[in-house]
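Below is one structure, written out as structure tokens, with a few remarks after it.
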Amino acid sequence: MSALLLIVPLAWALWPNPQPTEHITLLPNADGRQSAVVVTSARGETLVDQPYLTADVYASGKVLPKPVAASTVRIRYDSTLAALPAGAVSHSLFFEASSGQLAPESAARLIAIRADIARRAQPEVWVVGHADRADAPGLNEQLALSRAVSVARELAGAGVPEERIDVMARGSRDARGFGGQNRRVDIRVR
């Protein structure tokens, strides 16, 4: 009987220990927002809803959650994390009334925006012009487009290929109340 008791633990120790075929780890959002992902396989499903919670998926299809230390993730995936592109950002530049002239504070901001875009390997840029309701809708549309094109040219001058810049105009359709906050160009960079 004691020989049998030794065989079972010995057999268990020799039994192959299955390793996960995939690790899915939820990273924290830079802005602190909560996020989650559901990991599903043929034999299981688990909700990964906390930073550094990992779902291990096995060849059998089993999915098991387990917490992983932030330091372990940084060590294991340092080169991968370093290669991730910078997150998307949005900017707004403001203009003088009924004009394509940037407001002084926006002219200074444009320099910083150009520098940020220049640091990105393959930026995608959307430039959307807006206008207030002071003029006729047709004129507002033209003014919004003129503003957007002007900003896009500035960005292209910073080295962003023109084919990576989308230019649009919304005229006064997306008004934010009244006045100067509508005389703007919104820039989204990814």
*Could you tell me which helices of the chain pass both thresholds, a Cα extent of 24 Å or more along their own axis and a mean Kyte-Doolittle hydropathy of at least -0.5, with helices taken as whole DSSP H runs?*
137-157
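Between T21 and R133, what is 0.36 nm times their sequence separation minus the Cα-Cα distance? Round to one decimal in nm.
Working: separation 112, 0.36 × 112 = 40.32 nm, distance 5.82 nm.
34.5 nm is the gain from fully extending T21 to R133.
Express in nm, to one decimal, how much length is gained between D31 and A82 on full extension, taking 0.36 nm for each residue of separation and deducting their alpha carbon distance. If you can, show how the numbers build up before the last one.
On the way: separation 51, 0.36 × 51 = 18.36 nm, distance 1.81 nm.
Taking D31 through A82 to full extension adds about 16.6 nm, to one decimal.
In Å², and per residue, what accessible area does the range 45-190 have when probed at 1.4 Å with the other protein chains present?
Details: 8170 Å² over 146 residues.
So the range 45-190 comes to 56 Å² accessible per residue, rounded to a whole number.
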*What's the carbon and sulfur percent of the range 28-136's accessible surface, probe 1.4 angstrom, rounded to a whole number?*
56 percent
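Kindly provide the helix-only [θ] at 222 nm of the chain, computed as the sum of -39,500 (n - 2.57) over DSSP H runs of four or more divided by all residues, to the nearest 500 deg cm²/dmol? Can you show the working numbers first?
Values: 4 runs with 63 residues, N = 190.
About -11000 deg cm²/dmol.
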*Work the Kirkwood hydrodynamic radius out for the chain: mean of 1/r over every pair of different alpha-carbon atoms, inverted, in Å.*
21.0 Å
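The values are calculated or read from the model by the stated rules, or taken from the named source; none is laboratory data. This structure is a prediction, so every number in the text was calculated from the model and none was measured. Areas reflect the complete protein model, heavy atoms only, side chains present, ligands, DNA and RNA absent. Shrake-Rupley method; radii C 1.70, N 1.55, O 1.52, S 1.80 Å.
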